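*Asks:* One structure coming up, written as structure tokens, with questions to follow.
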Amino acid sequence: MTNNGEYDEYTTVRHHYPHFPPGVKRADDTTVLKYPLTAGEDLERLEAERQIPEAIPPHKNVLGFKGSADAGIYLERAPNGTVAEYMLDSGKPLSLQQRLAWCRETAEEPTNLLLDKDLHVKLSNFQGKLLVEDGTVLVDGCSMEPFRFSIPRNDFRADVKADLFAPGCTVYFILLDHTIFPDIGDRYEEAWEKVEERLAKKEWPREQQVCSAVTVKC
């Protein structure tokens, strides 16, 4: 860190798992560095992740952007890890009130949703698109939802339906502790095909939860 409080490529970072996945390192108590897993690769995506938060106003449920350097981009640290980690690995019981609070704050899918020290959701992935009113794409982060949160479509371009479907699936996960179609295994290629086949046939999950009236519209 420089004398004026800015980070540079010589800043010492410390790796910590599980709350820091591959490609993310701790810079200090409140900051992490996101960097390419392989030197010289994924620079275009990191550049998009820099440009998008710089272009939008700060929001309490979006991870704070703290700057960039040759090594990567600096982001706010979320000490409680992801929503998925907290739900599945912490061993702490969750009240319906907490689940509903996360549903109100959620944005896409639970491994991209971090939790701050007060357990408020922080959107952590800026690999989306920045568009102007006429639909022109200014920044393309080459994003794609995980298959259990992705509506079947002919291409991977984001649209309104895709942006509604992903948070609907996330609300489902938060309230029921599992993703859609839990009877389908986790072997990636096989599961992808089966999930996509059911969704293409409009075979929606049938489990009921307190937000079913909302998720059915997604």
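*Asks:* Kindly put Thr170, Thr38, Thr215 in sequence by how many other C-beta atoms sit within 10 Å of each C-beta, fewest to most.
*Replies:* Details: Thr170 29, Thr38 7, Thr215 22.
Ranked by crowding around the Cβ, least crowded first: Thr38, Thr215, Thr170.
*Asks:* Fewest to most neighbouring Cβ within 10 Å: what's the order for Leu96, Leu33, Leu123? List each step's numbers first, then the result.
*Replies:* On the way: Leu96 10, Leu33 22, Leu123 18.
Ranking Leu96, Leu33, Leu123 by Cβ neighbours within 10 Å, fewest first, gives Leu96, Leu123, Leu33.
*Asks:* Quick check on packing: order 74-86, 202-214 by the mean number of other C-beta atoms within 10 Å, highest mean leading. Before the final figure, lay out the partial values.
*Replies:* Numbers: 74-86: 19.8, 202-214: 12.5.
Final packing ranking: 74-86, 202-214.
*Asks:* Give me the dipole magnitude in Debye, nearest 20, for segment 23-77 about the Cα centre, with unit charges on the beta carbon: positive for Lys and Arg, negative for Asp and Glu. Let's see the in-between values first.
*Replies:* Values: 8 positive and 10 negative charges, 53 e Å.
It comes to approximately 260 debye.
*Asks:* Sorting check: for 112-121, 97-106, which peptide has the highest mean count of neighbouring beta carbons within 10 Å, and how do the rest follow? If you can, show how the numbers build up before the last one.
*Replies:* On the way: 112-121: 19.0, 97-106: 16.4.
Listed from highest to lowest mean packing, they are 112-121, 97-106.
*Asks:* Taking neighbour Cβ counts within 10 Å as the exposure measure, how do Val195, Val160 sort from fewest upward?
*Replies:* Fewest-to-most Cβ neighbours within 10 Å comes out as Val160, Val195.
Readers should treat all values here as calculations from the given coordinates under stated rules, not as data from a laboratory. Note that the structure is predicted; figures quoted are calculated from it, not measured. Ideal geometry is used to build each Cβ from the backbone, glycine not excepted, and the neighbour counts take in all protein chains shown.
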